[in-house]
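Read-outs throughout are calculated quantities, based only on the coordinates presented, and are distinct from any laboratory measurement. The structure presented is a predicted model; accordingly, all values stated were derived computationally and were not measured. Don't worry about glycine lacking a Cβ; one is built from the backbone with ideal geometry, like all the others, and counts go over all protein chains shown.
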Amino acid sequence: MTVAETSNVQTLLARIAEALERLSPPPPPRPDFSAADAFVWRAETQTLAPVRKVSRVELALLQGVDYLRDQLLGNTERFARGLPANNVLLWGARGMGKSSLVKAAHAGINDRLAATPDFPGLKLIEIHREDIESLPALMAQLRDAAPRFIVFCDDLSFDGGDASYKSLKAALEGGVEGRPANVLFYATSNRRHLLPRDMMDNERSSAINPGEAVEEKVSLSDRFGLWLGFHKCSQDDYLAMVFAYIKHYGLQAPEEQIRAEALEWAITRASRSGRAAYQYIQDLAGRLGQKID
């Protein structure tokens, strides 16, 4: 091959390489973790969107969950300090403050450790249920970052035919690389094992070895070292939630009126929960012509 032919081949290869580079998508921008304390993972673009103001309530307003609060705070603080800690599954009755507790604990620990020397900050990253399969890509962006991260998925569950739970299992275990040391996974669910009972029963009835089939699916929840179970609250706890909100927002109404209305509100919804208490407070504040944050 002559010198001229060699030069032509090199030019052609360079043009091909440039064309391929133009066709390939650009790498996602490097996250700026100083932009906020909380982010939302956008799986379609593999980027982290900063959340300027997190929708959350103060820890003091979460009534009737003292033991669960202390367990989550302790686990979160140990992790923030660089000590061993567990992935957490908060499961149980709806409306009892599972997701509120996660967000409040994140803020509480950041406030508690803000003055600690060399504290890199604790970031909260929300990933939507439908984006669970993109967890490995998210973990890759967090692995070498300085802050510590709680990756949070609200209302996590899996239905029949949904195999994305395998992606979550792999991410929690970390595969060959292991889960990043600066990442924990917190999830809330109404189901203790994240799977509907009929799905587990179907696996049991159709499998050659029913025990192994069910173990494969139940083992997902075993990846969470700390389980926190939320149960329906008593009437006393429900009223304590209501009056804690009343005091916090400075709502002025007769105590007996509040008590009677709050109980009737719970009856009409067939539920005594923190969510029902807050919804009543919103209704009361609106009738009183008072704004609440």
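Quick look at the numbers
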{"item": "Cut-off under 5 Å, modelled amide H: who pairs with PHE230 long-range", "result": "TRP91, GLY92, ALA93"}
{"item": "Pair GLU173, ILE292: separation of 7 Å Cα→Cβ label points (nm)", "result": "4.5 nm"}
{"item": "Whichever lysines have a C-alpha closer than 24 Å to that of LYS232, once near sequence neighbours (fewer than 8 apart) are set aside", "result": "LYS98, LYS103, LYS247"}
{"item": "Added length on full extension, which subtracts the Cα-Cα distance from 0.36 nm per residue, ASP155 to GLN279", "result": "42.7 nm"}
{"item": "For segment 235-288, size of Cβ-based charge dipole, Lys and Arg +1, Asp and Glu -1, in debye", "result": "200 debye"}
{"item": "Burial ordering of SER100, SER134, fewest other beta-carbon atoms within 10 Å first", "result": "SER134, SER100"}
{"item": "Label-point separation in nm, THR45 to ARG129, each point 7 Å along Cα→Cβ", "result": "2.5 nm"}
{"item": "Estimated vicinal HN-Hα couplings, Hz - segment 262-274 in sequence order (Karplus 6.51, -1.76, 1.60; Gly, Pro = x)", "result": "5, 5, 5, 4, 5, 5, 5, 9, 6, 7, 9, 7, x"}
